[in-house]
Number of protein chains: 2
Amino acid sequence: MSTADDRPTGPRLTTTSYAILGLLAVRSSSSYELTRQMGRGLGRIWPRAASKLYEEPKKLAALGLARAREGSVGERRRTVYSITPKGRRTLAAWLAEPGAGPVLESEQLVKLFFADHGTTRDALATIAAARAWAEERNEDNVRVGRAYLGGEGEFQERVATNMVVGAFLTELYRTVAEWADWAEQVVGRWPEDPRGATLDREAMEWVVDRAGWSVR
Amino acid sequence: MSTADDRPTGPRLTTTSYAILGLLAVRSSSSYELTRQMGRGLGRIWPRAASKLYEEPKKLAALGLARAREGSVGERRRTVYSITPKGRRTLAAWLAEPGAGPVLESEQLVKLFFADHGTTRDALATIAAARAWAEERNEDNVRVGRAYLGGEGEFQERVATNMVVGAFLTELYRTVAEWADWAEQVVGRWPEDPRGATLDREAMEWVVDRAGWSVR
DNA sequence: CTTCTATACTCCCTTTGGGACTATTCAAGG
DNA sequence: CCTTGAATAGTCCCAAAGGGAGTATAGAAG
């Protein structure tokens, strides 16, 4: 943590707060725009419900990390937020700490964890759904990557940083698909009642071997 | 959704509810044991705060999906829950639906998303932290995999299903580590001020090529 | 006996999800 | 011009969940 002067007092800042602050560092935005931005790229790595996001910029403004400018389009209210110098320093201080590792929530995997209480067909369907998920998500990734290569990506000037995150997602989706293909083979060899499935030694050895990269 | 008879009325069941129900399908347990089980393997794919977990089995019992047996160890209270036939049917019905795709939350990636508002050194530290995370997590995975190969894994009789989920995690951790190694190379080529980083065309082409698996 | 860990919970305040709602603007079509 | 639907711009509400703090007993070790 950097200078004590920049440590916000009052409401605590969450990762979501910093994400909104980061978006304001890139560009001043209306609260609606902020919720849209959070829904796109960032939503893949820090998904948040839109309805809760409207509160964040207010909090940042209350802490002096952002400034709120009330305005209107005709009779419709509109608030545009912009980052303050204090906000920039606070963001930079946060970036200087390494951050928590990924947290994964997968209902599909929970179902597979208990696959022996359903049918093998159910398990295969769940695996297929996982692959479909990866495919669908990857389509967006390809499109974005190509746009950047063509020099026409959103926030093209930020391509270097966006690529690092985009590559992670690319690899993630690819991994899910490859795992799904493998799992389909393995589970396809199960009996109809998965309770009868036993250790597939060859497959297990392959998995353990794959895990060997971190072994000292 | 299967037979209407088995559709629970009253409190809504969440994925967490089903996970607890699944654990009871494997073995009757005290609420404390349930919270421990949720903290181990399942916590990697469906992390939940222990303090909230004590409510779930109560809910299942209220719905007739589990039965609660009050008891004691000396003067200490203890409640053991076991699944009912209705509970088994409800679990099986849930397993018959494919389930939602993975949801990822990564503070590290959020930081990298805004890396151009920090320093290149910060970004490299964040990448190193991601790799360290993958390493640490993978160590557990290796240990578990070897125990299963040796026939001494926890719930060895469920090795077939556990392997499918374990393989996913193995691949995930490996992917994070490989991505981190790549990202370290790429970011290592950035100028000291990451705002000066520009499109690394060769790297971007590699990423887009890697994403090509799902392209029709 | 003391200390620490394990077992076995409950409570509390904050954050968050997700849905529902209100209202104006803008665009397209009849 | 009017109507309809999407976009913009929010607020509210109830349930789920995070994370910390707390209480209490049992068991192990010194």
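A few points about this structure:
- Mean per-residue shielding of peptide B:193-203 is 4, counting Cβ atoms of other chains within 10 Å of each Cβ.
- Kirkwood Rh and Cα Rg combined as Rg/Rh, chain A: 1.09
- Dipole magnitude of region A:1-151 about its Cα centre (Cβ charges: Lys, Arg +1; Asp, Glu -1), debye to nearest 20: 680
- Test item: A:11-22 mean partner chain Cβ contacts at 10 Å: 2
- The accessible surface of region A:4-95, taken with every protein chain in place and a 1.4 Å probe, is 48 percent carbon and sulfur.
- Full extension of the chain between A:ARG40 and A:PHE155 yields a length gain of 40.1 nm, computed as 0.36 nm times the residue separation minus the alpha carbon distance.
- Magnitude of the charge dipole for region B:100-216, about its Cα centre and with charges confined to Cβ atoms of Lys, Arg (+1) and Asp, Glu (-1), is about 220 debye.
- For the residues of A:176-189, the average number of beta carbons from a partner chain within 10 Å of their own beta carbon is 3.
- Estimated dipole of the protein assembly as shown in Debye, rounded to 20 [Cβ of Lys and Arg +1, of Asp and Glu -1, Cα centre]: 1740
- Considering only B:VAL142, B:TRP94, B:GLY118, and ranking their Cα positions along the charge dipole of chain B that arises from unit charges at the beta-carbon of Lys, Arg, Asp and Glu, the one farthest toward the positive end is B:TRP94.
- Here is the list for region A:71-170: chymotrypsin sites (Phe, Trp or Tyr not before Pro) lying in DSSP coil, each with at most 16 other C-beta atoms within 10 angstrom of its C-beta, are A:PHE155.
- Most to least accessible of A:LYS111, A:LYS59 (protein chains only, probe 1.4 Å): A:LYS59, A:LYS111
- If R0 is taken as 45 Å, the Cβ-Cβ distance between A:SER51 and A:GLU184 corresponds to a FRET efficiency of 0.75.
- Radius of gyration and Dmax over the Cα atoms of the protein assembly as shown, both given in Å: 23.7, 72
- Mean separation of Cα contacts under 8 Å (6+ apart) over length of region B:107-214, as relative contact order %: 39
- Shortest first, B:GLY188 label-point distances to identical copies amount to 4.0 nm, with the label point at 7 Å from Cα along Cα→Cβ.
- Inter-copy separations for A:VAL103, label at 7 Å along Cα-Cβ, nm, ascending: 1.0
- In the structure shown, the pairs B:LYS52/B:LYS111; B:LYS59/B:LYS86; A:LYS52/A:LYS86; A:LYS111/B:LYS86 are assessed against 22 Å; a Cα-Cα span above that value is assigned to B:LYS52/B:LYS111; A:LYS52/A:LYS86.
- Heavy-atom surface of chain B, accessible at 1.4 Å and reported per residue (Å²): 48
- Nearest residue to the symmetry axis between B and A, taken on chain B by its Cβ, in whole Å: B:THR175, 2
The values are calculated or read from the model by the stated rules, or taken from the named source; none is laboratory data. Since we're looking at a predicted model, the values are computed, not measured. Here the Cβ is made from the backbone with ideal geometry for all residues, glycine too, and neighbour counts use every protein chain on show. Keep in mind that these areas ignore ligands, DNA and RNA; they rest on the heavy atoms of the full protein, side chains included. Shrake-Rupley method; radii C 1.70, N 1.55, O 1.52, S 1.80 Å.
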